[in-house]
Amino acid sequence: MSAWSLAFVPTLVRRERASLAAALCAPVIALAGAIALNLGLYVLMGRDPVAVVYAMLFEPFLSWASFSEVLLKAGPLLLIAQGLAIGFRAKVFNIGAEGQFILGAIFASAIPVWFPQATGQWIWPAMLLLGAIGGALWASLTAFWRVRLNANEILVSLMLSLVAAQLLNYLLLGPWKDPNGFNFPQSVMFQYDAMVPTLIAGTRVNVSFLITLALSVAAWVFMQRSFIGYKLQVGGLAPRAAGYAGFKEGWTIWLSLLIGGFAAGLAGAAEVAGPLGQLQRSVASGYGYAAIIVAYLGGLHPIGIVVSALVMAVIYIGGDNAMVSANLPIAAVRVFQGSLLLAYLIAVAFVRYRLEWRRAAHRSPL
């Protein structure tokens with residue numbers, strides 16, 4: 001025999017209209033949740049949570065030298081995230097910004113490596129332009145495979161990042177290795193004219209930060225005020241409606257990936273022509289992956305991304321401080337970044353959906 005019984009099960013129901021206030025609060029709630037979660041982790045690790053939080057979240061603001069490093073870190077994160085967010089809003093998921101960043105650094109380094117004696121104020125702008133082109137070309141490989149062969153752009157772009165890292169290793173261990181570099185895998189030091197001019201005296205913040213802010217404004221205008229940006233958003237929100245309107249999916253994929261690659265390549269060029277001053281293995285420092293968190297934490301909105309880039313930069317610099325003053329391992333800093341994204345995704349899910357308990361009948365044997 002069997003009988004029917006009633007049980008309540010949780011169900012997510014999409015809201016008719018998401019609250020703007022809730023959407024604005026979601027990143028703040030996510031940050032608070034990530035901090036609380038990681039405080040518990042630090043206690044389990046035997047670290048002083050107060051010392052860790054102080055070093056990670058407060059020390060970056062205690063001196064101008066520390067805050068200038070925050071601005072330096074925020075530059076590439078902001079630039080890459082703005083480019084990625086345009087594609088993400090069009091539902092084109094470029095996960096390979098790290099590889100595009102590396103190719104931008106490689107392309108930009110070609111000028112001072114091949115012409116170490118060249119002089120003139122044209123060198124560093126040419127490096128930035130060449131780096132942006134390099135990143136876009138690397139992203140075009142993903143676009144080609146996605147449009148022509150229907151390959152998943154997430155997998156293709158991610159695997160191409162691994163290829164880019166190996167290409168970097170080949171160059172620094174082979175043809176581009178500095179013969180006077182004591183066998184370190186690095187290129188020659190770049191000449192003075194190959195360096196982006198300093199923006200703030202006494203710091204490492206350079207003119208590329210202004211370029212990043214200008215491109216952030218351009219990203220806002222492009223997505224909010226241009227017809228092309230409107231087409232990209234429609235293609236992401238309602239692909240079938242976009243098809244009826246004559247918006248081509250292939251065009252959307254190409255444009256989204258090229259913009260993302262251009263931004264990441266430009267960031268890579270600014271890194272080698274700025275704080276590094278040469279091509280090194282350390283140029284592949286995870287900016288491309290961290291920028292994904294920045295883009296989503298900013299709600300894929302150009303203004304929100306500016307704020308989230310500063311938050312992520314504080315975590316970067318504060319994490320370095322915590323590793324020294326609180327003996328925190330680097331893995332814990334990366335866990336903080338990952339938990340921040342996870343907390344945001346959970347928060348934004350409840351912005352778009354509400355939780356309801358519904359009755360579900362099920363059959364149970366007697």
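The values are calculated or read from the model by the stated rules, or taken from the named source; none is laboratory data. As the structure is a prediction and not an experimental result, all values here were calculated from the model. Neighbour counts are summed over all protein chains in view; Cβ atoms, including those assigned to glycine, are modelled from backbone coordinates with ideal geometry. For the accessible areas, the whole protein counts, side chains as well, though only heavy atoms, and no ligand, DNA or RNA atoms are used. Shrake-Rupley method; radii C 1.70, N 1.55, O 1.52, S 1.80 Å.
What's the number of the condition Asp48 fails, among (1) charged (D, E, K, R); (2) under 22 Å from Leu341 (Cα atoms); (3) surrounded by fewer than 19 Cβ atoms within 10 Å (Cβ to Cβ)?
If we test Asp48 against (1) charged (D, E, K, R); (2) under 22 Å from Leu341 (Cα atoms); (3) surrounded by fewer than 19 Cβ atoms within 10 Å (Cβ to Cβ), just (2) comes out false.
Please give the helices (runs of 4 or more DSSP H) falling wholly within segment 164-267 in which 2 or more residues are farther than 16 Å from Ser109 by Cβ, at pLDDT 95 or above and open to solvent by 50 Å² or more (accessible area, probe 1.4 Å).
208-225
One line per residue, one yes/no per condition, for (1) outside any helix (DSSP H, G or I); (2) under 30 Å from Tyr230 (Cβ atoms); (3) among the aliphatic types (A, V, I, L, M):
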position	(1), (2), (3)
Val113	no, no, yes
Thr119	yes, no, no
Leu137	no, yes, yes
Val156	no, yes, yes
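Answer yes or no as to whether Leu77 is part of a strand (DSSP E or B) and under 30 Å from Leu155 (Cβ atoms).
Working: part of a strand (DSSP E or B): no; under 30 Å from Leu155 (Cβ atoms): yes.
For Leu77, the condition - part of a strand (DSSP E or B) and under 30 Å from Leu155 (Cβ atoms) - is not met.
Pull up segment 275-301, narrow it to residues that are open to solvent by less than 10 Å² (accessible area, probe 1.4 Å), out of contact with any Pro (no Cβ under 8 Å at 6 or more places or on another chain) and assigned to a helix (DSSP H, G or I), then point me to the one that is farthest from Ala218 (Cα to Cα).
Across segment 275-301, the extreme among qualifying residues is Val283.
Go through (1) within 21 Å of Leu210 (Cα to Cα); (2) in contact (Cβ under 8 Å) with a residue 12 or more places away in the chain for Leu160 and report which single condition fails.
The failed condition is (1).
Enumerate the pairs (first residue in segment 348-360 and open to solvent by 70 Å² or more (accessible area, probe 1.4 Å); second residue anywhere and of a type in the set (S, T, N, Q)) with beta-carbon separation below 7 Å, excluding pairs fewer than 6 apart on the same chain, so at least 6 apart or on different chains.
If the second residue must be of a type in the set (S, T, N, Q), the pairs left are Arg358/Thr11.
So, in segment 315-329, how many residues would count as being open to solvent by 10 Å² or more (accessible area, probe 1.4 Å), aliphatic (A, V, I, L, M) and part of a helix (DSSP H, G or I)?
Number satisfying all stated conditions: 3.
Please work out if Leu77 is open to solvent by 50 Å² or more (accessible area, probe 1.4 Å), within 20 Å of Arg334 (Cβ to Cβ) and out of contact with any Lys or Arg (no Cβ under 6 Å at 6 or more places or on another chain).
No, not satisfied.
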